[in-house]
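Readers should treat all values here as calculations from the given coordinates under stated rules, not as data from a laboratory. Every value quoted in this text rests on a predicted model; they were computed, and no experiment measured them. Cβ placement follows ideal geometry from the backbone for every residue including glycine, while neighbour counts extend to all protein chains displayed.
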Amino acid sequence: MNPQPKIEIAALRKQFGQLVVLKDINLTVEQGSVVALIGPSGSGKSTLLRCINLLVTPNGGSVRVGGDSFVFGTGAKLPGTRELARFRANTGMVFQHFNLFPHMTALGNVMEGPVTVRGKSKREARELALTLLAKVGLSDKVDEYPSRLSGGQKQRVAIARALAMEPDVMLFDEATSALDPELVGEVLSVMQKLASEGMTMVIVTHEIAFAREVADRVIFMRDGLVIEEGPARQVIDAPREAATQAFLSHFH
Ligand code: ADP
Ligand code: MG
């Protein structure tokens, strides 16, 4: 029997003022699976990712990650600050622009969450951070400040920092889009390793070959709607919808 999906999004709606950005999104992500969100700029991919960890508050629908679920819309009670913090700590997010703390070393960046949010001792947090920095291949950079790291190294610190919260799911929003081409591979290989270890992941990416290789399912979005979804190779190699075909034709 399949366990319950790790992430379940139903009838999700989000608007900014008059602009409806997510129209009626339904999405399930099985435990240990990788889902890639693809689609043109402005289609709502980042907003959807931010709704999954409630960095953005949906206007309607429901969001469940693991055992925590929230309903949005008229009459629904919004989650409180503590509930939100606990929820977010369980969903690691990696951004295009790293967002590291510039005044902290790589080690400091990774230790920060476990100490301040999880209440770990410094010693325990340090052990965990050293293990995670080794996992992303940065054992020799633990004492460096972000300004002295390459983009690929910064992004790997950001991944280690997210993992330090021991999240149930990891969300990646164009984690390699800001990198010089020669640095993309080192970040993708860390993501691939996480996927192969069974991490549940939702990734927004323009790396179509990577999505084809690593994702279990691919979802193509346009104008706030899911236009097509299916097994990664089917959607990428043989898209059914004209809009998906047109989008993918830019990558050949
Ligand atoms: P994508 O990640 O697919 O490029 P986004 O989710 O970033 O798309 O944006 C979808 C739409 O929502 C765009 O039209 C964008 O301008 C708009 N949008 C995103 N965030 C905000 C915001 N905080 N306020 C107003 N409009 C926003
Ligand atoms: Mg985006």
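Quick look at the values:
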read-out: Ratio Rg/Rh, restricted to the stretch 1-141 and using Cα atoms, in which Rh is the Kirkwood radius; value: 1.01
read-out: 5 Å-binned pair-distance histogram of the stretch 178-234 (Cα, whole percent); value: 4, 16, 27, 24, 16, 12, 2
read-out: Charged-residue dipole, Cβ positions (Lys, Arg, Asp, Glu), the stretch 27-101 about Cα centre, Debye nearest 20; value: 160
read-out: Approximate spin-label separation Glu182-Ser69, in nm, with each point projected 7 Å along Cα-to-Cβ; value: 5.0
read-out: Three semi-axes of the equivalent ellipsoid, the chain, Cα gyration tensor, whole Å, largest first; value: 29, 23, 16
read-out: Taking the C-alpha atoms of the stretch 69-123, convex hull volume expressed per residue in Å³; value: 119
read-out: Stretch gain in nm, segment His252-Asp223, where the contour uses 0.36 nm per residue and the Cα spacing is subtracted; value: 8.2 nm
read-out: Members of Lys141/Lys193; Lys14/Lys135; Lys23/Lys154 lying beyond 25 Å, as alpha-carbon distances in this model show; value: Lys14/Lys135; Lys23/Lys154
